[in-house]
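Below is one structure, written out as structure tokens; the observations come after it.
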Amino acid sequence: MSQLDSVIKPKTKRSKRFLERRAPKLSEDLKSAMIMKGGNTSQTVTQALKDIYSLKKPNAVLYKKKNITRPFEDSTSLEFFSKKTDCSLFLFGSHNKKRPNNFIFGRLFDFHVLDMIELGIEKYVSLSEIKTSKCPEGTKPMLIFAGEAFDTDNEHKRLKSLLTDFFRGPTVSAVRLAGLEHILHFTALDGKIFMRSYRCLLKKSGCRTPRIELEEIGPSFDFVLRRTHLASDDLYKLAHKQPKALKPRKKKNVSYDAFGTKFGRVHMQKQDLSKLHTRKMKGLRKRKGEVVEEQDGQEPKVKRRD
């Protein structure tokens, strides 16, 4: 058992608060990402990592020093840094003759590598090369995935899930129209993945609904899919398991139709209609000197007293 895996008893109040923040919660904190480069990198990879860091800020940690490691062969160093910085996502950049301009997107479950997908950069346009105004730091992006492969191929499905986890940003209860400013568009076509970043401009349209225009702000990537390390179906299902306290409770006697209309069912005891008080009308009142006789299966007969 390593030192990080052992049970640590806090000796000061500061360390106690630190361990409480790291303790498991029903609603986990926002996922942070580690962005690091390998022992050998190119100028393209270094600048691309900085641009991804600018999109992910402030929920990211950028390592400026080189880390001599190979995630597909040995992931212990990634798991060590994950425990140290409390990050469950990582992006590793490297460059060599066999795999030039290489990105590895990955995520961890319980501080162990869950899945990794390797992407090669074929074309790259940095943020600084596109001379337009950028979105503010920490803007929650809208994610768009286009391409049939994201719905049919298993590797592209996991890549879609991984990219969604990486760029999704914080969970919010409401969104204002002006907040829908940043768009990340991923397209799968001919074995490649195209990543584009746009800024949403709201123009006057002469009516209440504004006219939408998209302006590319960068960065721009053309990826090619390389190696993959995917978790088994059982482990992937376990990573998505939610505690019972967070699962929505089913409400009894409540149903919805196809249009979203809410219907409720009310249970009542059986009513005795003989004791039901109704409105009395003058035409139904008995006259003086009349006796009403009722017979089974026949209409009542009225006899007049002399």
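The values are calculated or read from the model by the stated rules, or taken from the named source; none is laboratory data. A quick note: this is a predicted structure, and the numbers were derived from the prediction, not measured. Neighbour counts are summed over all protein chains in view; Cβ atoms, including those assigned to glycine, are modelled from backbone coordinates with ideal geometry. Only protein heavy atoms, including side chains, enter the accessible area calculation; ligands, DNA and RNA are left aside. Shrake-Rupley method; radii C 1.70, N 1.55, O 1.52, S 1.80 Å.
Annotations for the structure displayed:
- The number of residues in region 208-220 being open to solvent by 90 Å² or more (accessible area, probe 1.4 Å) and farther than 20 Å from Lys134 by Cα comes to 2.
- The listed residues are Arg249, Arg199, Arg176, and the only one of them that is open to solvent by less than 60 Å² (accessible area, probe 1.4 Å) and basic (Lys, Arg) turns out to be Arg199.
- Taken as a whole, the structure places Thr139 among residues that are modelled with pLDDT under 90, within 22 Å of Ser197 (Cα to Cα) and within 23 Å of the chain's Cα centre (by Cα).
- Residue match in region 140-152 (condition: in a helix (DSSP H, G or I) and out of contact with any helix residue (DSSP H, G or I) (no Cβ under 7 Å at 6 or more places or on another chain)): yes
- Given (1) part of a loop (DSSP other than H, G, I, E, B); (2) hydrophobic (A, V, I, L, M, F, W, C); (3) buried (at least 17 other Cβ atoms within 10 Å of the Cβ), number of the condition Ile130 does not satisfy: (3)
- Any hit, region 248-263, residues being acidic (Asp, Glu) and more than 30 Å from Asp115 (Cα to Cα): yes
- Pairs where the first residue, in region 9-29, is of a type in the set (A, V, I, L, M, F, W, C) and the second is part of a helix (DSSP H, G or I) and at pLDDT below 75, C-beta under 9 Å, 6+ apart: Leu26/Ala245; Leu26/Leu246
- Members of region 222-252 found to be closer than 30 Å to Arg196 by Cα and not in a loop (DSSP other than H, G, I, E, B), listed by number: Asp222, Phe223, Val224, Leu225, Arg226, Arg227, Thr228, His229, Tyr236, Ala239
- The number of residues in region 1-18 being surrounded by 10 or more Cβ atoms within 10 Å (Cβ to Cβ) and modelled with pLDDT of 75 or more comes to 4.
- Selection from region 147-173 of residues that are loosely packed, with under 14 Cβ neighbours inside 10 Å and either over 29 Å from Glu137 (Cβ atoms) or not hydrophobic (A, V, I, L, M, F, W, C) (or both): Glu148, Asp151, Thr152, Asn154, Glu155, Thr164, Pro170, Thr171, Ser173
- Top-ranked residue in region 207-221 [being part of a loop (DSSP other than H, G, I, E, B) and not small (Gly, Ala, Ser); ranked as farthest from the chain's Cα centre (by Cα)]: Cys207
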